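Take a look at the structure set out below.
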Amino acid sequence: MEHVTPRFGEGSVAQALAAQRGRLFLFVPVCLGIGIGLYFLLPVEPGRAEWLGLGSASFASAMLAYLLPVNLRPLAMGCLLIAAGAGLAGLRTHMVAAPVLDFRFYGAIEGRIVKIDRAANGHLRLTLDRPRLAGLSPARTPARVRLSLHGEQRYFDPRPGLRVMTTGHLSPPPKASEPGGFDFRRHAWFERLGAVGYTRVPVLALQDDGGAPLGVLRMQLSQALQDRMPGAAGGFAAAILTGDRSGVDTSHLDDLRNSNLAHLLAISGLHMGLLTGFVFAALRLLLALWPRVALRLPTRKIAAVAALGAGAFYLALSGANIATQRAFVMVAVMFVAVLLDRRAISLRSVAIAAVIVLVLRPEALVQAGFQMSFAATVALVAIFRALNDDGTWRERVPRWAMPVASVILCSVVAGVATAPIAAASFNRMVEYGLVANLLSVPLMGLVIMPAGVVAALLAPFGLEGVPLAVMGLAIDWILLVASFVAGLEGNLIGVVQPPRWVIPVMALGSLWLILWAAPARWLGVPVVALATLGWALAERPTLLVSDDGAVVGLMGPEGRILSRARSGAFAAESWLQADGDLASQEGAQQRGPHGPSDAVVHLRGHGLDVVHLSGQRGLAELPALCLPGRLIVTNTDLDVPPEGPCTVLSPRDLRATGAVAFRANEKGVARYDLRDTQGLRPWTGG
């Protein structure tokens, strides 16, 4: 038999790509995301030579996409998109560049309020733009600063657009609490937030700069809702309708978090979808009741335009934060598809929305909100597409039970899809979260959001009382469910922080499983399994030292033992959270034999001998404690180095290294400094 050599482009790879024709666009956001993710993983910011090389690689990929056989062109296009993703992320990084405070500031602070929210401890928090800091030149002044309001502020009525003045403390955005941990500085960089701090003196209103009429309207509506719906329901309603979460009590917020219902407060895809969906369905129904209009006009498209307009107004009214922008892009793509007579809900629509978001805000890729939104949406679209292709599931479910079955299925699918991301981001899982969502989410779609729309339409006539009362009852039910579920024993399960590669690999494996239309899709299963195994085998550092020497934590048999009960709260809480440890800082301190106010704290285990010294009383003991092989951490700078064989970490040392981690194993003890693991990036000062 004569041997025939296949021509270039006729191999198995080309055939596999040819079989995906019509679906390859779904991989566009995946390739962009890979490029963006690689950019954020770089240890050093690319220089001019590296960017020139990337541009050359992009040009070469474009030429290959033109020269290669048709079936192989997607490979070159994939490389081009990966390069484009990295370039977009780099461009965005330098576009948002703004000064970052590089010292601790105390003095007069002036600025215009652009955002009002609450810190985790419940204090009101203001984000100010156009700030002026006493004694600081404009060239060194951050574009935005954020202040927590402590002390008495009863005579101050904050609202967006109001220029204010106070005296307070500001510091650079905090570093990661441990090597390899979450770096708030990167998040702050893209928010153009150059300093954070607090004030204990009253804030003075100077003048209303204007320029934010929707912001003023938002605060007015928020206040009106809280006046008409007193108590917790008013704060909840204001949060979901205007984006103002300052009226939500800390205790209720904790209940919502601990029952997996906190997502109901964030104006995201759920709220935007419910509101625009209700407007679309209600208007279509009203137009259908008018035969002359229904027979002559494209009522579906009219309703789509109205829903799109309602979504745009909701976006502007709520402050247009990143999550709401992302949600609006998703519903906008859906309604534009309706206007173009295309399928509104499909994986292609989700891919288009993802591309738009990644092009406009590449940094969204590394944020939990983006990951959870698109994970849930992709999973839901894929599952319902598979069920519709099967065609028999509707026959097996009674017609009257279809809405209930759909809600349950949506909750289960969305919960499973977002669970790994939520667990990795918040280091906890809620045992009865699915039950809480099944008892609460339907009310959002069937009662709360429709009642909000009806109340808005009736408000000009003074008839909003009834829909607001109905909304209040539904909100009270949700808060009751949250309180009940949060109080159940064993409801919260701590989850250890996975290695950085786990979630990206798990996401890529899941996307391959969903998007690839061939038996080879099942290769995604072992990839997901590998990531899951990597998570299960994750190990936490044996010893952690905060970047100011305020607290030390050594892993013990019951969990991490902390040297202090209150000092270094940010680092201590971050460590416990990453450990998957549900204990409080005070509880973790009580695991050791030392008292909460001891000036000298001994921590021993895993071959480590550590002493934490606090204040001058602790330093006085240093000469006697400086023994061979011992690590001594102080929260006070030393006047002179100790004379002895011990290793000392003082605040001066830690300012240079950042937080320090030690990992002990059978081979010995390895040390990791934040300075060596954070990389030299714009947000790290590199």
Neighbours by Cβ (under 9 Å, 6+ apart or cross-chain): first from the range 278-294, over 23 Å from residue 449 (Cα atoms); second assigned to a helix (DSSP H, G or I) and basic (Lys, Arg)
none
In the set 244, 341, 249, 254, the lone residue that is among the acidic types (Asp, Glu) and crowded, with 18+ Cβ neighbours inside 10 Å is 244
One residue is enough: does the range 64-79 have a residue meeting the conditions surrounded by fewer than 13 Cβ atoms within 10 Å (Cβ to Cβ), in the same structural domain as residue 163 (by TED's automatic domain parsing) and more than 30 Å from residue 569 (Cα to Cα)?
no
Report yes if some residue within the range 386-403 is touching a helix residue (DSSP H, G or I) at 6+ places or on another chain (Cβ under 7 Å), of a type in the set (Ser, Thr, Tyr) and either surrounded by 18 or more Cβ atoms within 10 Å (Cβ to Cβ) or outside any helix (DSSP H, G or I) (or both); otherwise report no.
no
What's the number of the condition residue 603 fails, among (1) closer than 24 Å to residue 498 by Cα; (2) among the aliphatic types (A, V, I, L, M); (3) in contact (Cβ under 8 Å) with a residue 40 or more places away in the chain; (4) out of contact with any helix residue (DSSP H, G or I) (no Cβ under 9 Å at 6 or more places or on another chain)?
(1)
Return the residues of the range 668-686 that are exposed (fewer than 13 other Cβ atoms within 10 Å of the Cβ) and on the phi > 0 side of the Ramachandran plot; say none if nothing qualifies.
668, 685
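Within the range 438-452, identify whether any single residue is of a type outside the set (S, T, N, Q), more than 30 Å from residue 397 (Cα to Cα) and assigned by TED's automatic domain parsing to the domain that holds residue 384, and answer yes or no.
Initially, the range 438-452 is screened for residues of a type outside the set (S, T, N, Q), giving 438-439, 441-452.
Now drop any that are not more than 30 Å from residue 397 (Cα to Cα), which leaves 452.
Narrowing further to those that are assigned by TED's automatic domain parsing to the domain that holds residue 384: 452.
For the range 438-452, residues of a type outside the set (S, T, N, Q), more than 30 Å from residue 397 (Cα to Cα) and assigned by TED's automatic domain parsing to the domain that holds residue 384: present.
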Going residue by residue through the range 478-492, is there one that turns out to be more than 30 Å from residue 32 (Cβ to Cβ) and touching a Gly at 6+ places or on another chain (Cβ under 8 Å)?
yes
When you go through (1) polar (S, T, N, Q); (2) in a strand (DSSP E or B); (3) more than 29 Å from the chain's Cα centre (by Cα) one by one for residue 153, which number turns out not to apply?
(2)
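Has the range 88-95 got any residue that is closer than 19 Å to residue 165 by Cα and surrounded by 20 or more Cβ atoms within 10 Å (Cβ to Cβ)? Write out each step before concluding.
Filtering the range 88-95 down to residues closer than 19 Å to residue 165 by Cα leaves none.
No - not one qualifying residue is present in the range 88-95.
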Residue count for the range 212-249, restricted to those that are closer than 22 Å to residue 437 by Cβ, touching a residue at least 60 places away in the same chain (Cβ under 8 Å) and part of a helix (DSSP H, G or I):
6
Quick check on the range 161-181: of everything there that is touching a residue at least 60 places away in the same chain (Cβ under 8 Å) and among the charged types (D, E, K, R), which residue is farthest from residue 194 (Cα to Cα)?
178
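If you check 265, 204, which single one turns out to be more than 17 Å from residue 456 (Cα to Cα) and either in the same structural domain as residue 357 (by TED's automatic domain parsing) or crowded, with 18+ Cβ neighbours inside 10 Å (or both)?
On the way: 204 fails: either in the same structural domain as residue 357 (by TED's automatic domain parsing) or crowded, with 18+ Cβ neighbours inside 10 Å (or both).
Testing whether each residue is more than 17 Å from residue 456 (Cα to Cα) and either in the same structural domain as residue 357 (by TED's automatic domain parsing) or crowded, with 18+ Cβ neighbours inside 10 Å (or both) leaves just 265.
Condition test on residue 521, is it of a type in the set (Lys, Arg), farther than 25 Å from residue 578 by Cα and surrounded by fewer than 19 Cβ atoms within 10 Å (Cβ to Cβ)?
Numbers: of a type in the set (Lys, Arg): yes; farther than 25 Å from residue 578 by Cα: yes; surrounded by fewer than 19 Cβ atoms within 10 Å (Cβ to Cβ): yes.
When the stated conditions are applied, residue 521 passes them.
Quickly run through the range 296-315 and pick out the residues that are under 29 Å from residue 187 (Cα atoms), hydrophobic (A, V, I, L, M, F, W, C) and either buried (at least 16 other Cβ atoms within 10 Å of the Cβ) or in contact with an Asp or Glu (Cβ under 7 Å, 6 or more places away or on another chain) (or both). Reasoning before the result, please.
Quick first cut of the range 296-315, residues under 29 Å from residue 187 (Cα atoms) only: 311-315.
This time we only want the ones that are hydrophobic (A, V, I, L, M, F, W, C), so: 312-313, 315.
Residue satisfying the conditions is 315 alone.
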Filter the range 636-667 down to the residues that are touching a residue at least 40 places away in the same chain (Cβ under 8 Å) and of a type in the set (Gly, Ala, Ser), then identify the one that is surrounded by the fewest Cβ atoms within 10 Å (Cβ to Cβ).
664
Within the range 268-295, how many residues turn out to be crowded, with 22+ Cβ neighbours inside 10 Å and more than 30 Å from residue 487 (Cβ to Cβ)?
5
Which of (1) under 30 Å from residue 491 (Cβ atoms); (2) under 28 Å from the mean Cα position of the chain (by Cα); (3) at pLDDT 95 or above does residue 554 not meet, given it meets every other one?
(2)
Restricting the search to the range 561-584, which residues are surrounded by fewer than 24 Cβ atoms within 10 Å (Cβ to Cβ), in contact with a strand residue (DSSP E or B) (Cβ under 7 Å, 6 or more places away or on another chain) and part of a loop (DSSP other than H, G, I, E, B)?
580, 581, 582, 583
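Test of understanding: among 501, 512, which residue is surrounded by 17 or more Cβ atoms within 10 Å (Cβ to Cβ) and of a type outside the set (Ser, Thr, Tyr)? Steps first, answer last, please.
Values: 501 fails: surrounded by 17 or more Cβ atoms within 10 Å (Cβ to Cβ).
512 is the lone residue from the list that is surrounded by 17 or more Cβ atoms within 10 Å (Cβ to Cβ) and of a type outside the set (Ser, Thr, Tyr).
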Quick check: is even one residue across the range 168-182 closer than 29 Å to residue 423 by Cα, in a helix (DSSP H, G or I), in contact with a Gly (Cβ under 8 Å, 6 or more places away or on another chain) and at pLDDT 90 or above?
no
Going by the conditions given, is residue 109 at pLDDT 95 or above, of a type outside the set (D, E, K, R) and more than 27 Å from the chain's Cα centre (by Cα)?
yes
Scan the range 102-142 for residues that are among the hydroxyl-bearing types (Ser, Thr, Tyr), assigned to a strand (DSSP E or B) and surrounded by fewer than 18 Cβ atoms within 10 Å (Cβ to Cβ) and jot them down.
106
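Does the range 415-435 contain any residue that is surrounded by 14 or more Cβ atoms within 10 Å (Cβ to Cβ) and of a type in the set (Lys, Arg)? Reasoning before the result, please.
Filtering the range 415-435 down to residues surrounded by 14 or more Cβ atoms within 10 Å (Cβ to Cβ) leaves 415-435.
Add one more test, that the residue is of a type in the set (Lys, Arg), and what stays is 428.
Yes, the range 415-435 contains at least one residue that is surrounded by 14 or more Cβ atoms within 10 Å (Cβ to Cβ) and of a type in the set (Lys, Arg).
The values are calculated or read from the model by the stated rules, or taken from the named source; none is laboratory data. What you are looking at is a predicted structure, and each value in this text was computed from that prediction instead of being measured. Neighbour counts are summed over all protein chains in view; Cβ atoms, including those assigned to glycine, are modelled from backbone coordinates with ideal geometry.
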